[in-house]
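A.B. asks: Below is a structure I'd like to ask you about.
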Amino acid sequence: MPPKFFPLGSQPPKPYISGGPSTSIEEFHKVLLKSKRIIALCGAGLSAASGLGTFRGAGGMWRNHKATSLATPEAFKKDPGLVWHMALQAKPNAGHYALTELSKKMPNFITLTQNVDGLSQRANHPREQLKLLHGSLFDIKCFNCSHLELDNFDDPFHPTLAISSDSDDRLASSSTNAASRAAQPEESTPPTAAELPKCPKCKTGLLRPGVVWFGEQLPRDTIDEVDEWIEDALLDICLVIGTTAVVHPAAGYVDKARSAGARIVVINMDSVELGTASDLRKNDFLFEGDAAKILPELLKPIIGELDLKGGVKDAAKSG
């Protein structure tokens, strides 16, 4: 009979079920306090509480736009202002801040994120402990040369990309709203090159978000760096947060972490569709619910109590 899982706080923790993971926060705290090397793999579910829907979950929409339709070169060419504007309306949530605090407390903790929304960076996550598998909307780079500007959170970062207000018709669904359809440029009349921001270095190339668009190659140097870090020593915990980890390279990291000795700890809104993290075992953990609520509680023995702004109320006492 398959194990049953319960949202955090909804019922008392269940005892171990043969072959299945634990849902006990207390048991996880014991493991956490003994851990020296931890890796986190994050997906769109981490940012769900910030108002950004997941790519593949039931909330895979942003302002009624399909998230995947906005994360393409075609969407950028059609309306670059919308692509940047969509993520800047969100704010980091307590889950982002909890991971930031864990990074500050544990030098041997790294976070791999598939998210391009820049919310971890805006939560002041140490950049050297944050590995961007798909890049960031707010790392601005040139189509033609090596120019790269990190963490530009200006909205708009260029006047021609401005969206004036929340009532701008472009923010509505382009497929279901007549006003939005009227506001969308026709396929034959995208913004001209003269209207888009130019590279300050080469003066001719267009600027674009530093993301890995669908169909583009992943950052090889980042992938190699993560692989070397995993292989460097044994791991204690692999946190799988808000992702089914079905897209490579994320799909391989759960198995790599387990092979390096890590217990797999899944935090997800859906306890059924877990992708590559579905093979959970007796020494693993599964916590169903909102990562923004669960992570601060799980990490409290090390990070202390978070305040409402994501800071730390009091330092945790590790024994």
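The values are calculated or read from the model by the stated rules, or taken from the named source; none is laboratory data. Because the structure is predicted, anything quoted here is derived from the model rather than measured. Please note: Cβ atoms are built from the backbone with ideal geometry, for glycine as well, and neighbour counts cover all protein chains shown.
A.B. asks: Let me confirm something: among ILE294, ILE302, which residue is out of contact with any strand residue (DSSP E or B) (no Cβ under 9 Å at 6 or more places or on another chain) and at pLDDT 95 or above?
C.D. replies: ILE302
A.B. asks: Also, quick follow-up: Any idea which residue in segment 224-247 is farthest from LEU102 (Cα to Cα), counting only those that are within 14 Å of the chain's Cα centre (by Cα) and β-branched (Val, Ile, Thr)?
C.D. replies: My answer is VAL247.
A.B. asks: Determine the pairs where a residue that is within 16 Å of VAL226 (Cα to Cα), located within segment 236-265, has a partner that is crowded, with 24+ Cβ neighbours inside 10 Å and polar (S, T, N, Q) with Cβ atoms under 8 Å apart, the partner being 6 or more residues away or on another chain.
C.D. replies: VAL240/ASN268; ALA250/THR243
A.B. asks: Same structure again: Only one of (1) over 23 Å from ALA251 (Cα atoms); (2) modelled with pLDDT under 85; (3) aliphatic (A, V, I, L, M) fails for LEU52. Which number is that?
C.D. replies: Unmet condition: (1).
A.B. asks: I'd like the full set of residues that are assigned to a loop (DSSP other than H, G, I, E, B), modelled with pLDDT of 75 or more and surrounded by fewer than 20 Cβ atoms within 10 Å (Cβ to Cβ), limited to segment 1-49. Working first, answer last.
C.D. replies: Step one: filter segment 1-49 for residues assigned to a loop (DSSP other than H, G, I, E, B), giving 1-6, 8-21, 23-24, 34-37, 43.
Then keep just the ones that are modelled with pLDDT of 75 or more; that gives 20-21, 23-24, 34-37, 43.
Residues satisfying the conditions are GLY20, SER24, LYS34, SER35, LYS36.
A.B. asks: Looking at the structure I just gave you, is TRP213 hydrophobic (A, V, I, L, M, F, W, C) and at pLDDT 90 or above? Before you say what the answer is, go through the steps one by one.
C.D. replies: Values: hydrophobic (A, V, I, L, M, F, W, C): yes; at pLDDT 90 or above: no.
For TRP213, the condition - hydrophobic (A, V, I, L, M, F, W, C) and at pLDDT 90 or above - is not met.
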